[in-house]
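Taking it in order: structure first as structure tokens, then the write-up.
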Amino acid sequence: MRARLAILISGRGRNLRALIAAVQDGRIDAEIVAVISNHRDAEGLAFARAAGIVTEILPHAEFADRRAFDTALADRLRSYTPDILALAGFMRVLGEDFVAEFRGRMLNIHPSLLPKYAGLHTHRRALAAGDAEHGATVHFVTSQLDGGAPVIQGRVKIQAGDDEAQLAERVLNEIELKIYPQAVAWMARGELRLVDNMAVLKGQRLERALQMDQLDEAFR
Ligand code: GRF
């Protein structure tokens, strides 16, 4: 049976579009059962609707506190029985109960070379530090912010004169839009799992993140 994929977004939805495209062209063998946004005006919702995908809006501001939001989100998600939950630019920290329920099924994409720069403003921080390279990482979600087991990451060189927006765009285009569909495809095929806090791909424990040269041909 095809894997059931639910996707959480907060905004623009470029990663979401890449996931939808990879499902549509068969690179990800999954059915997208729902796209849920915590913002009413998330641009990504329109792409999902145009692709005929069920969407839901759960505005976090309308809940009494974090826990109430998490509980409502878990309730909604449970109704879709997802095998995979992909956070795609979802800008809310999820609490421990939520993370425990979806542990091993939940992936995130983070725009930095984790473990460097967990949290916000990653491009700005890489530039301020004078780093020679920057990138993005797909990881399993645990209760530690951007701290779960890494799966795959890719790097770009920081060029003289790069500003935050240019660097963000390059990381998105050259790295994120390739590694995220790949990681979700592995999950959908049952090849990627979380075992004892470590990512395991095709039976091999990933002591550190895979790199771009390990992408399947179709995802390059
Ligand atoms: C991406 O850079 C993602 O890595 C980060 O937030 C951004 C979301 O962009 N978590 P989009 O909504 O996928 O266009």
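Observations on the structure shown:
- The single condition from (1) crowded, with 18+ Cβ neighbours inside 10 Å; (2) aliphatic (A, V, I, L, M); (3) not in a strand (DSSP E or B) that ALA199 fails is (3).
- Annotation note: Cβ proximity below 7 Å between a residue of region 125-137 that is over 11 Å from VAL156 (Cβ atoms) and a residue that is in a helix (DSSP H, G or I) and at pLDDT 95 or above (sequence gap 6+ or interchain) occurs for LEU127/GLU164; LEU127/LEU167.
- Of all residues making up region 150-176, the number that are charged (D, E, K, R), farther than 17 Å from LEU210 by Cα and within 14 Å of the ligand (Cβ to nearest atom): 3
- Number of positions in region 29-41 that are crowded, with 17+ Cβ neighbours inside 10 Å and out of contact with any Lys or Arg (no Cβ under 9 Å at 6 or more places or on another chain): 2
- Residue, surrounded by the most Cβ atoms within 10 Å (Cβ to Cβ), within region 77-116, restricted to residues that are within 13 Å of the ligand (Cβ to nearest atom), touching a residue at least 40 places away in the same chain (Cβ under 8 Å) and farther than 17 Å from LEU19 by Cα: LEU113
A quick yes/no check of all residues on (1) buried (at least 21 other Cβ atoms within 10 Å of the Cβ); (2) more than 30 Å from GLU31 (Cβ to Cβ); (3) of a type in the set (Val, Ile, Thr):
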| site | (1), (2), (3) |
| --- | --- |
| VAL156 | no, yes, yes |
| GLU176 | yes, no, no |
| GLU191 | no, no, no |
| GLY203 | no, no, no |
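- Which numbered condition ALA61 misses (of (1) surrounded by fewer than 16 Cβ atoms within 10 Å (Cβ to Cβ); (2) of a type in the set (Gly, Ala, Ser); (3) touching a residue at least 24 places away in the same chain (Cβ under 8 Å)): (3)
- Enumeration of residues in region 141-156 that are polar (S, T, N, Q) and either in a loop (DSSP other than H, G, I, E, B) or closer than 15 Å to GLU169 by Cα (or both): THR142, SER143, GLN144
- Within the set GLY13, GLY44, the sole residue that is under 27 Å from ARG193 (Cα atoms), modelled with pLDDT of 95 or more and either crowded, with 22+ Cβ neighbours inside 10 Å or acidic (Asp, Glu) (or both) turns out to be GLY13.
- When residues of region 1-40 are limited to those that are within 10 Å of the ligand (Cβ to nearest atom), part of a helix (DSSP H, G or I) and of a type in the set (A, V, I, L, M), the one farthest from ARG105 (Cα to Cα): ALA18
- If the condition is being within 16 Å of the ligand (Cβ to nearest atom) and over 20 Å from the mean Cα position of the chain (by Cα), then region 41-76 contributes only ALA50.
- Once region 117-140 is narrowed to residues that are within 12 Å of the ligand (Cβ to nearest atom) and part of a loop (DSSP other than H, G, I, E, B), the residue that is surrounded by the most Cβ atoms within 10 Å (Cβ to Cβ) is TYR117.
- Which numbered condition GLY147 misses (of (1) within 16 Å of the ligand (Cβ to nearest atom); (2) of a type outside the set (Asp, Glu); (3) modelled with pLDDT of 95 or more; (4) under 23 Å from GLN214 (Cα atoms)): (3)
The values are calculated or read from the model by the stated rules, or taken from the named source; none is laboratory data. Model, not experiment: these values are computed from the prediction. Cβ sites come from the backbone with ideal geometry, for glycine too, and all protein chains shown count toward neighbours.
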